[in-house]
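The values are calculated or read from the model by the stated rules, or taken from the named source; none is laboratory data. Values in this document were obtained by computation on a predicted structure and should not be read as measured data. Every residue, glycine among them, receives a Cβ derived from its backbone with ideal geometry; neighbour counts consider all protein chains shown.
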């Protein structure tokens, strides 16, 4: 059974964001499998891929919030920034030989669930309105994150 099972309560109603969140969950599940195998090289690789994808997701999400004129975008960006700093700290500890995998897995699952259910659901109505008014998402973004 997967470590982190996607639950429909995590859907925010913005398909492109929901799909990105599901992909992050997939990375977390891959990280858990690699952690069990104690393969440090693979652990570093998956952690790096997860961090890269999450940062790309944050950039996309923040651009979407700007387009939607979301009034609490500054606070949302600060939450992302704090999380990025935490992930960087984990990556540094991992590179220095410390086994942070269990800590990372626990924090990622809790943080992502709380962030989606609170912070991301708060902006969803703003984004849904803007997406209905104009399709500003380019083909290059679609290639990065898949179909909508």
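When residue 6 is tested against (1) surrounded by fewer than 19 Cβ atoms within 10 Å (Cβ to Cβ); (2) assigned to a helix (DSSP H, G or I), just one condition goes unmet, and that condition is (2). Kindly check whether there is at least one residue in the stretch 55-65 that is farther than 24 Å from residue 132 by Cα and free of Cβ contacts under 8 Å to residues at least 24 places away in the same chain. No. Taking the stated definitions as given, is residue 57 crowded, with 17+ Cβ neighbours inside 10 Å, under 14 Å from the mean Cα position of the chain (by Cα) and farther than 23 Å from residue 3 by Cα? No.
Just one of 34, 127 is assigned to a helix (DSSP H, G or I), closer than 20 Å to residue 2 by Cα and in contact with a helix residue (DSSP H, G or I) (Cβ under 9 Å, 6 or more places away or on another chain); which is it?
Working: 127 fails: closer than 20 Å to residue 2 by Cα.
None of the other options fit; the residue is 34.
Among residues of the stretch 96-115 that are touching a residue at least 40 places away in the same chain (Cβ under 8 Å) and on the phi < 0 side of the Ramachandran plot, those with a Cβ under 9 angstrom from a residue that is surrounded by 15 or more Cβ atoms within 10 Å (Cβ to Cβ) and outside any helix (DSSP H, G or I), sequence gap 6+ or separate chain, pair up as 105/3; 105/4; 108/4; 109/3; 109/4; 112/4; 113/4.
Every test in (1) in a helix (DSSP H, G or I); (2) surrounded by fewer than 16 Cβ atoms within 10 Å (Cβ to Cβ) is passed by residue 99 save one, and that test is (1).
Evaluate the following for residue 43: is it surrounded by 15 or more Cβ atoms within 10 Å (Cβ to Cβ), in contact with a helix residue (DSSP H, G or I) (Cβ under 6 Å, 6 or more places away or on another chain), farther than 27 Å from residue 133 by Cα and touching a residue at least 40 places away in the same chain (Cβ under 8 Å)? Break it down into steps so the answer makes sense when it comes.
Numbers: surrounded by 15 or more Cβ atoms within 10 Å (Cβ to Cβ): yes; in contact with a helix residue (DSSP H, G or I) (Cβ under 6 Å, 6 or more places away or on another chain): yes; farther than 27 Å from residue 133 by Cα: yes; touching a residue at least 40 places away in the same chain (Cβ under 8 Å): yes.
So residue 43 passes the test.
Would a scan of the stretch 66-75 turn up a residue that is touching a helix residue (DSSP H, G or I) at 6+ places or on another chain (Cβ under 6 Å), surrounded by 13 or more Cβ atoms within 10 Å (Cβ to Cβ) and at pLDDT 95 or above? Among the residues of the stretch 66-75, at least one is touching a helix residue (DSSP H, G or I) at 6+ places or on another chain (Cβ under 6 Å), surrounded by 13 or more Cβ atoms within 10 Å (Cβ to Cβ) and at pLDDT 95 or above, which makes the answer yes.
So is residue 79 in contact (Cβ under 8 Å) with a residue 12 or more places away in the chain, part of a helix (DSSP H, G or I) and under 16 Å from residue 46 (Cβ atoms) or not?
Numbers: in contact (Cβ under 8 Å) with a residue 12 or more places away in the chain: yes; part of a helix (DSSP H, G or I): yes; under 16 Å from residue 46 (Cβ atoms): no.
Criteria not met by residue 79.
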